[in-house]
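In what follows, a single structure is set out as structure tokens and then discussed.
The values are calculated or read from the model by the stated rules, or taken from the named source; none is laboratory data. These numbers were taken from a predicted model, which means no experiment stands behind them. Here Cβ is always computed from backbone atoms with ideal geometry, including for glycine, and neighbour counts include all displayed protein chains.
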Amino acid sequence: MCTTCGCGQGETKIEGQEQHDHDGHDHGYRPAHGRTVKLEQDILAKNNAYATQNRERFAAQGILALNLVSSPGSGKTTLLVKTIEALQGRQKLAVVEGDQQTSHDAERIRATGAPAVQINTGKGCHLDAHMVGHALEKLPLEKGGVLMIENVGNLVCPAAFDLGEAGKVVILSVTEGEDKPLKYPDMFRAARLMLVNKCDLLPYLQFDVDKAIAYARRVNPLIEVIRVSATTGEGMADWLAWIEKGAAAVRG
């Protein structure tokens with residue numbers, strides 16, 4: 001977990017804020033096994049306290065917060081851009097973007113007209129609730145809106161860190177292996193929804209969608225699944241309906 005994954009203390013940067021040391025990440029320290037477990041427990045306990053604060057804020061404002069997670073190159077940002085464009089005039093959206101470096105993704109989001117704040121984690125391999133809480137101070141959140149949190153591309157550490165979201169949405173691209181749910185079970189177990197993305201490429205690949213879904217449901221029998229393509233629009237209506245149903249539930 002965080003004590004061994006290579007995250008860098010003090011390297012997190014949030015747009016509009018000075019660089020700050022991030023609470024609880026003592027990554028230069030390699031203690032004995034028992035102390036490692038205790039440190040990991042302490043890290044997650046601190047994170048969960050911040051997540052509770054974020055969740056209370058979202059609840060008070062009737063905001064649906066979704067945590068988008070995937071491996072790098074799954075098409076998260078392109079799918080998010082298409083989602084924002086399709087929901088314009090129907091939902092009030094804002095985005096927190098997580099990447100190790102650059103603000104390219106936040107710039108792509110802002111080009112749609114949606115507000116976005118970029119978090120650069122440096123060597124860090126995930127967002128946590130403390131980072132998101134700081135980003136929210138710079139992000140205009142409208143009551144009854146939808147917050148999309150695009151996490152750092154990584155199927156390991158983000159599974160363990162609650163950001164205060166209503167649910168994790170894991171994006172699995174058909175350009176990856178259909179056995180990803182078995183290789184990274186914690187992430188697929190933690191997710192409410194799996195989006196099988198880039199389905200327009202299926203005629204050119206040997207990806208078995210049914211097998212991928214079966215593997216996901218082996219580790220998480222309750223996971224919902226939608227096949228999507230940001231290029232052709234396949235499944236987008238179902239994905240948008242899923243978001244709007246969740247937003248209505250939070251507002252209600």
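Got a number for residues in the range 156-195 being buried (at least 17 other Cβ atoms within 10 Å of the Cβ), among the hydrophobic types (A, V, I, L, M, F, W, C) and over 23 Å from L64 (Cα atoms)?
1
Please verify whether A114 is in contact with a helix residue (DSSP H, G or I) (Cβ under 8 Å, 6 or more places away or on another chain), over 23 Å from T231 (Cβ atoms) and either modelled with pLDDT of 95 or more or surrounded by fewer than 22 Cβ atoms within 10 Å (Cβ to Cβ) (or both), treating the condition exactly as stated. Walk me through it before giving the result.
Values: in contact with a helix residue (DSSP H, G or I) (Cβ under 8 Å, 6 or more places away or on another chain): yes; over 23 Å from T231 (Cβ atoms): no; either modelled with pLDDT of 95 or more or surrounded by fewer than 22 Cβ atoms within 10 Å (Cβ to Cβ) (or both): yes.
Spelling it out, it is not the case that A114 is in contact with a helix residue (DSSP H, G or I) (Cβ under 8 Å, 6 or more places away or on another chain), over 23 Å from T231 (Cβ atoms) and either modelled with pLDDT of 95 or more or surrounded by fewer than 22 Cβ atoms within 10 Å (Cβ to Cβ) (or both).
Output the residues belonging to the range 75-102 that are of a type in the set (G, A, S) and in contact with an Asp or Glu (Cβ under 7 Å, 6 or more places away or on another chain).
Of the range 75-102, the ones of a type in the set (G, A, S) are 75, 86, 89, 94, 98.
Across the range 75-102, the qualifying residue is only G98.
Of all residues being among the polar types (S, T, N, Q) and more than 20 Å from L240 (Cβ to Cβ) in the range 90-116, which is nearest to the chain's Cα centre (by Cα)? Just the residue, please.
In the first step, residues of the range 90-116 are kept if they are among the polar types (S, T, N, Q); the result is 91, 100-103, 112.
Right, trim to more than 20 Å from L240 (Cβ to Cβ) and you get 100-103.
Numbers: Q100: 14, Q101: 16, T102: 17, S103: 16 Å.
Within the range 90-116, the match that is nearest to the chain's Cα centre (by Cα) is Q100.
Quick check on my filter: what residues within the range 96-118 are under 14 Å from L147 (Cβ atoms) and part of a strand (DSSP E or B)?
Listed by number, the residues that qualify are V96, E97, G98, A116, V117.
Just checking: which of the helices (runs of 4 or more DSSP H) contained wholly in the range 126-222 hold 1 or more residues that are more than 18 Å from the chain's Cα centre (by Cα)?
Values: elements: 129-136, 180-183, 185-190, 209-219.
Correct list: 180-183, 209-219.
Among the candidates T36, T52, which residue alone is at pLDDT below 95, polar (S, T, N, Q) and assigned to a helix (DSSP H, G or I)? Outline the logic, then answer.
Values: T52 fails: at pLDDT below 95.
T36 is the lone residue from the list that is at pLDDT below 95, polar (S, T, N, Q) and assigned to a helix (DSSP H, G or I).
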